[in-house]
1. Given the criteria open to solvent by less than 50 Å² (accessible area, probe 1.4 Å), at pLDDT 95 or above and either away from chain B (no Cβ under 11 Å) or more than 30 Å from C:E115 (Cα to Cα) (or both), does C:L242 qualify?
2. Looking only at residues in segment B:9-33 that are free of Cβ contacts under 8 Å to residues at least 24 places away in the same chain and part of a strand (DSSP E or B), which one is surrounded by the most Cβ atoms within 10 Å (Cβ to Cβ)?
3. Do the conditions hold for C:V158, that is, is it free of Cβ contacts under 8 Å to residues at least 24 places away in the same chain and of a type in the set (A, V, I, L, M, F, W, C)?
4. Condition check: exposed (fewer than 13 other Cβ atoms within 10 Å of the Cβ) and away from chain B (no Cβ under 12 Å). Does C:Q291 satisfy that?
5. Could you pull out the residue among B:G54, B:G36, B:G108 that is within 14 Å of another protein chain (Cβ to nearest Cβ), of a type outside the set (K, R) and not in a helix (DSSP H, G or I)?
6. Within segment A:175-208, which residues are at pLDDT below 85 and either in contact with a Gly (Cβ under 6 Å, 6 or more places away or on another chain) or not in a helix (DSSP H, G or I) (or both)?
7. Can you name every one of the helices (runs of 4 or more DSSP H) wholly within segment A:1-120 that holds 3 or more residues which are within 30 Å of A:S229 (Cβ to Cβ)?
8. Kindly establish whether A:L52 is open to solvent by 60 Å² or more (accessible area, probe 1.4 Å) and over 30 Å from A:N173 (Cα atoms).
Amino acid sequence: MKQFLYFIRKEFYHLLRDRRTLFILFGMPVMQIIIFGFALTNEVKNSRIAILDNSKDEATTTIIHQLEASRYFDIVENLNSYSELEPTFQEGVIRMAVVFPEQFQSSLLHTNAAPIQLIADATDPNVANTLTSYASAIIMDYQNSMRETKAFPYAINTELRMLYNPQLKGSYNFVPGVMAMILMLVGAMMTSISIVRETELGTMEVILVSPIVPIRVILAKMVPYLLLSMVNIVSILLISVYILEVPINGSLTLLLFECLLFTLTALALGLLISSISNSQQVAMLISLMGLFLPTVMFSGFMFPIENMPIPLQLLSNLIPAKWFYYIVKDVMIKGTGLETVWKETLVLVGMLIVLLTISIKKFKVRLE
Amino acid sequence: MSNRVAISVSGLTKQFGDFTAVDAITFDVKQGEIFGFLGANGAGKTTAMRMLCGLSLPTSGKANVAGFDLYKESENIKKNIGYMSQKFSLYDDLTIRENNRFYGGIYGLTDEQIKEKTQFMLKHLHLESQADTLVKALPLGWKQKLSFSVSMIHDPKIVFLDEPTGGVDPITRREFWTMIYEAASRGTTVFVTTHYMDEAEYCDRVSIMVDGRIEALDTPAALTKKFDVKGMEEVFIQLARKAKRSDN
Amino acid sequence: MESAVKAERVYKNFQSGKTEIEALNNISFEVERGELFGLIGPDGAGKTTLFRILTTLMIANKGNAWVDGFEVVSQYKEIRKRVGYMPGRFSLYQDLSVEENISFFATLFGTTLEENYEFVKDIYVQIEPFKKRRAGALSGGMKQKLALSCALIHRPSVLFLDEPTTGVDAVSRQEFWDLLKSLQHQGITIVVSTPYMDEANLCDRVALMQNGKIMDIDTPKGITQKFPKPLWAIIAADMYKLMHDLRSDERVDTCYPFGQYHHITFTELNQEIQSIEKTLVEKGHADLSIQKIEPTIEDCFMELMNK
């Protein structure tokens, strides 16, 4: 036992004396969460739009006011004719134009039908989509408010509610994603590098030619990074709750348990990587290409998995981060308990057991 | 050996903070001379050699290498010297031909010249059939000989060899020294460090560094006579034992 | 009493791309208890591979080996408890201090520095003044002593040292060998490898290795006595020309530079030396001197290589 504890202490010496790496390890989560939380959000705010109001009546003025009042739009141009539309788009000043036909209000009142044209710059299709749906919603609101005063026959009343994230904040999506990314990177990459470094240094030879049991070497390598990851989890959660205002709706204990489980899976992956790489660079490359990228691509936090072709969807099932991402979203954002995430949790437990078994089996007691 | 001077060093000093790695060394090396540069680990050999190759600037002192001033013309120095060490020599994952192309290219040789040089080198080393073999597949001794040839691909005036024969078998070691002799007889100045004391005796003259200073400089025969011992090994041990700052 | 180390017809091949490299070819030898045994040979001779098989880090393709009476494959755990091993590269943690390195390796073997202080004292006192210093900041000679202390900390019965003196200057080498001698007096069996032929004389017995084979095993004296021919040392003013002239002379069998001399042997066992001198003088060699000498290990090594 003393042997084991000293081994862990030695790992901490390595970790604490490598200031640069330590800084990256602690700085990275904070940086990423802040970057993703604030800068790289997929929310659309203050988009510049133009108005071509051929009617200039009470109805159009109200709608324009409502558009203006929303935080999504910023009216920068008031156009006078269709011919001005194209050049304004080409200048790149605006992302959308709202066109009201002549006699808008009277058509609305008398024929029950008044068209509004929403013309969007679809070079970025996602943004175009979001903008038109925001605008539609605002126009819909106006329509509903009109109904309260006037009677409309056969009008269908659609009501939208954004569940769990009423303000449609991007950080609700990113916090679980960044957590998966950081834990995977720190766990897998650092563990694999620290083992491969010993092989490169030649110290692994001496360790192997000693009575220490290989499993203890493995565990001693894992402990520091497990602790480090837990520190990262806490700091990510603190930032998300207090700075990004993402609440923890479910049980904190359950959330921490799931994080621990995922971290262990990442560490086991790191061990596996160390057994197939012969230099620190190789370990790093494998970790980045083999773990980090799939985590970003297939966990579902950047690209919705449902939209992927079937083979990729199947592939995504192999990515631990996908399951972790589901779990964190459910527990943290939706506030559900183990009864809804037990399946995903079992998948992670299964992955952990398989990975750990393989990597302990593969850990070489000799040099070959 | 002619009387022209290839390397001229006077009062050359290098300080790192308050540690004087090289302490005012002064010596001349003649053109075509084989000059052995000896010293204990940590005596300052590597630092001195780096300065002479133009890789690090001296703190003070004067030096002229291959006719160029160390401070003002280090780019010209680099064009006129070759360098080879036990640790870094050729790229293992390139073939002999590719290594030649690369080094020839670095020194601005034309394709014609590179081709000609490669042909000559391969023939000289009896490696014609191996031109397209990866360097890592060659035995160590061959690698070292090849790497020496490559460091001479641009016909440098001076070639610096940093422990060129470490770990090489005794026969190849002697073949290597035959190559050094040939180069010297063609007028190339050879500046060499080694831990093999019998190799020190192959040199025309040797210097022995202790604690950053040159404590002895003469022909091996004169040194063994002066210290009244049998060989360079004993000369070296007598001098290096005096070292204060070494690791021992 | 059984021997400390025993190898029987050991073979080891490596696959490198398409070609098979024979790292060890039919290696058999025995090391007696308390012996200082040297494996002498250049890089690529197979010394490191042999060490790795004996220290249970690799498994031979064919053959068998025992260390301290235990078989290297089936009883590797026993062996790992009782051998000390210093690999070719300095296997120390550069970012740990001298003290931390020692106590790490001590705990690895379930012991402490205090427990075995007397045993490593001779070496450790030399590095003790620097015990707070990081290993990375030590100079070559001191790193080597630290590595040796770490390999000795658990009082091994057999000590394997893979090229401990490579790249180390002559003074540090001499000191290191003095340390080995004193360790030997404490009863440890020492197996050491080196590419420096002159170090063979410091061993009790040596195996000369080249290209995965053992060319000869004997005491240093026994090896030099087997040299088959009279050996001559020759010196003249122009040594380079002398070598050319000798090598082109058909009466000369071998001619190798050795320090300030060339060592030569002749095709005829009873070659008359005056006629050689005469030829050389005719060719214009000045300050010519030729004398019969005792062969060194290096002469013998080259002789064996040429066989």
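The values are calculated or read from the model by the stated rules, or taken from the named source; none is laboratory data. Everything quoted here is computed from the prediction, not taken from an experiment. So basically every Cβ, Gly included, is an ideal-geometry build from the backbone, and we count neighbours across all protein chains shown. Heads up: the accessible areas ignore ligands, DNA and RNA and are worked out on the full protein's heavy atoms, side chains in. Shrake-Rupley method; radii C 1.70, N 1.55, O 1.52, S 1.80 Å.
1. Answer is no for this residue.
2. Filtering first and then ranking leaves B:D28.
3. So C:V158 does not fit the description; no.
4. When the stated conditions are applied, C:Q291 passes them.
5. None of the others qualify; the one that does is B:G36.
6. Selection gives A:G202 alone.
7. The helices (runs of 4 or more DSSP H) meeting that bar are A:2-17, A:19-34.
8. For A:L52, the condition - open to solvent by 60 Å² or more (accessible area, probe 1.4 Å) and over 30 Å from A:N173 (Cα atoms) - is not met.
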